[in-house]
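Working notes, structure below.
Read-outs throughout are calculated quantities, based only on the coordinates presented, and are distinct from any laboratory measurement. Note that the structure is predicted; figures quoted are calculated from it, not measured.
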């Protein structure tokens, strides 16, 4: 109910209320701290890692020259097939899947 009332207000009133909200103040402070203190360092590290990754991949390709090179399976969708069956863990509970 409160959300509906809040959303019915005009945009300027909503923004003024959000600026005074404690959680929004915390969010703004954390965001500023992240952007000024953390993000520059991570961007710098990512650039260094990208250069090393080029060297790594070049070495992998040389090492496996003449062999097919398959992509890394991390962070990819894995699909399998087969029949699901029940499971009996040590706590004596039976899980039946069908």
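Computed on the Cα trace of region 1-47, the radius of gyration divided by the Kirkwood hydrodynamic radius gives Rg/Rh = 1.25.
Only helical DSSP H runs with n ≥ 4 go in: add -39500 (n - 2.57) per run for the chain, normalise by residue count and round the 222 nm mean residue ellipticity to 500 deg cm²/dmol.
Numbers: 4 runs with 54 residues, N = 98.
Calculated from helices alone, the mean residue ellipticity at 222 nm is -17500 deg cm²/dmol.
Cα-based values for the chain, radius of gyration first and Dmax second, are 26.4, 67 Å.
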